[in-house]
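Colleague: Dropping a structure here in structure tokens format, bear with me for questions.
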Amino acid sequence: MEAFHYLNQALHCEQLPLKQLAREQGTPLYIYSRQLLEENYRAFDQAFAALPHLVCYAVKANSNLSILKLFHDLGSGFDIVSGGELFRVRQVESDPQKIVFSGVGKRISEIDYGLKTNILLFNVESWGELEVIQARAKSLNQTARIAFRINPNVDPQTHRHIATGLGEHKFGVPAEETISLYQQARTLSHVEITGISCHVGSQLTSLAPFVDAAQKILTLVRELEALGIALKYIDLGGGLGVRYRDESPPTRRDYAQTLAGCLEGSGKVLILEPGRTLAADAGVLLTEVLYLKKSQERQFVIVDAGMNDLIRPGLYDAFHEIRPVEQTTAPSMAADVVGPVCETTDFLARQRDLPAVAPGALLAIMDAGAYGFSLSSNYNSRPRPAEVLVHSGNYQVIRKRESYEDLIRGERRS
Ligand code: LLP
């Protein structure tokens, strides 16, 4: 059974009616299905069973502690991009030897934190960063395990805001410089060269860019080995897309088989950093209709969730399916579903066919489990929503709804 499905015309998450959650926890509300999170992780991990591999969930996709704990309990490691994310994953007894640290601008304090935690790998994005890592490792009398993140100059054919692997992007080091960087790195006393990494973008819906990148990386691995620089890990990042509307991304199995085909016989341990493919479809944002309003050109459905709660439509023009919580036979209408925030980009859908709804109706914004809450903010001084994790007919509040007091914590009046 689908994790989100209709039963007697009422939308459920697993066995729980969303209407009950709205009544008990209010709206806007993030709702996650434990069953689907688990299924997604297992399917991903098992698809790679034939290869020695380590799944490092990309914490940025959804960093709630309960979600991290859930993935940890299933065996996952973590891909982090900040000291804050490291702090989070340390709260769930994560194994430091399953943590990789990516990101283009690591601060000294963050590098120190990673070194003291003895994480598996720093994915290094510039020579300058490596010099800092060397200096800090030396002063802490530690050895830093590192991989350079290579920018393979591959077009991921995704939205321009979430493409990362082209020469015009700030990420990684240019592929042409790889050999000389590794040769220089070899001379550093407190750095252990352990791997090579890349990540070409997010929401990829075809395999070709993954294959291009993997092949480029493998060519570099062979060149390095010819120079006596042997690596243990190849980290191919995240990026596998999901279906929001009518995309048909590769299945996890095809993705895994294709990467396995590229890596066959390389003898390396493959690291993967999936985010969206594990979390997106396992979460929805539940919102209540406040008002209907018509302009000369548009029908607006004004809801209580705004761009501060889910920014993907406003930021990337992203499409999220919207389902009424009560199925009706009302005729459909084309509407703009908009939030209360004072910005024109505060919309959840534009010109969308929806069954006619009235104030008080509940709507579920689908596929909001990844880059939903984690990208939320307090803009317009709006307390952020609660998050709940559903497990069959029960649920737990895994993050309390913020209060007005939360909004001013740490501020002073004068
Ligand atoms: N590894 C690295 C180094 C990354 O930068 C990312 C995502 C991932 C892994 C995970 O990628 P995924 O498997 O989730 O595609 N806010 C945007 C997505 C930004 C992705 C940033 N990096 C969105 O809502 O579409």
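We did not get these values from a lab; they are worked out from the coordinates using the rules stated. Everything quoted here is computed from the prediction, not taken from an experiment. Virtual Cβ from ideal backbone geometry, glycine too; neighbours counted across all protein chains shown.
Colleague: Look through region 188-205, keep the residues that are outside any loop (DSSP other than H, G, I, E, B) and within 16 Å of the ligand (Cβ to nearest atom), and return whichever of them is nearest to ARG245 (Cα to Cα). Talk me through it step by step, then tell me what you get.
Modeller: Narrowing region 188-205 to residues outside any loop (DSSP other than H, G, I, E, B): 191-197, 201, 204.
With the extra rule that they be within 16 Å of the ligand (Cβ to nearest atom), the set shrinks to 195-197, 201, 204.
Numbers: GLY195: 37, ILE196: 34, SER197: 31, GLY201: 19, LEU204: 14 Å.
Here the residue is LEU204.
Colleague: While we're here: Restricting to region 342-360, count the residues that are crowded, with 19+ Cβ neighbours inside 10 Å and in contact with a helix residue (DSSP H, G or I) (Cβ under 8 Å, 6 or more places away or on another chain).
Modeller: Looking only at that region, the number is 4.
Colleague: Here's a follow-up. Considering region 114-130 alone, what residues qualify as being surrounded by fewer than 21 Cβ atoms within 10 Å (Cβ to Cβ), part of a helix (DSSP H, G or I) and either touching a residue at least 12 places away in the same chain (Cβ under 8 Å) or under 20 Å from the mean Cα position of the chain (by Cα) (or both)?
Modeller: Matches in region 114-130: LYS116, THR117, TRP127.
Colleague: Does region 206-214 include one or more residues that are buried (at least 16 other Cβ atoms within 10 Å of the Cβ) and outside any helix (DSSP H, G or I)?
Modeller: Yes, region 206-214 contains at least one residue that is buried (at least 16 other Cβ atoms within 10 Å of the Cβ) and outside any helix (DSSP H, G or I).
Colleague: Give me the residue from region 361-385 that is away from the ligand (no atom under 16 Å from the Cβ) and under 19 Å from the mean Cα position of the chain (by Cα) and, out of that set, surrounded by the most Cβ atoms within 10 Å (Cβ to Cβ).
Modeller: Ranking the candidates gives PRO385 first.
Colleague: Tell me the residue from GLN327, GLN296 that is out of contact with any strand residue (DSSP E or B) (no Cβ under 7 Å at 6 or more places or on another chain) and over 20 Å from VAL397 (Cα atoms), please.
Modeller: After applying the criteria, what remains is GLN296.
Colleague: I would also like to ask the following. Could you count how many residues in region 162-182 are in a helix (DSSP H, G or I) and surrounded by fewer than 14 Cβ atoms within 10 Å (Cβ to Cβ)?
Modeller: Qualifying residue count, region 162-182: 2.
Colleague: Report, by residue number, each residue of region 321-348 that is within 16 Å of the ligand (Cβ to nearest atom) and closer than 22 Å to ARG382 by Cα.
Modeller: Within region 321-348, THR345, PHE347, LEU348 meet the criteria.
Colleague: Of all residues in region 108-136 being β-branched (Val, Ile, Thr) and in contact with a strand residue (DSSP E or B) (Cβ under 6 Å, 6 or more places away or on another chain), which is farthest from VAL55 (Cα to Cα)?
Modeller: Step by step, filter region 108-136, then rank; the result is ILE133.
Colleague: So, in region 11-58, how many residues would count as being in contact (Cβ under 8 Å) with a residue 40 or more places away in the chain and under 29 Å from ASP95 (Cβ atoms)?
Modeller: Residues in region 11-58 being in contact (Cβ under 8 Å) with a residue 40 or more places away in the chain and under 29 Å from ASP95 (Cβ atoms): 22 in total.
Colleague: Would you mention how many residues in region 238-250 are touching a helix residue (DSSP H, G or I) at 6+ places or on another chain (Cβ under 8 Å) and more than 14 Å from the ligand (Cβ to nearest atom)?
Modeller: 0
Colleague: Give all pairs with beta carbons closer than 8 Å in which a residue from region 384-401 that is free of Cβ contacts under 8 Å to residues at least 24 places away in the same chain meets a residue that is part of a strand (DSSP E or B); count only pairs at least 6 apart in sequence or on separate chains.
Modeller: LYS400/ALA386
Colleague: Related question: In the set ALA22, ALA43, which member is away from the ligand (no atom under 16 Å from the Cβ), within 30 Å of PRO324 (Cα to Cα) and surrounded by fewer than 22 Cβ atoms within 10 Å (Cβ to Cβ)? Spell out the reasoning first.
Modeller: Details: ALA43 fails: away from the ligand (no atom under 16 Å from the Cβ).
The unique qualifying residue is ALA22.
Colleague: Give me the residue from region 163-180 that is of a type in the set (A, V, I, L, M) and over 15 Å from PHE210 (Cα atoms) and, out of that set, farthest from the ligand (Cβ to nearest atom).
Modeller: Taking the candidates together, the pick is ILE179.
Colleague: Moving on. GLN157: of a type in the set (S, T, N, Q) and more than 16 Å from the ligand (Cβ to nearest atom), yes or no?
Modeller: For GLN157, the condition - of a type in the set (S, T, N, Q) and more than 16 Å from the ligand (Cβ to nearest atom) - is not met.
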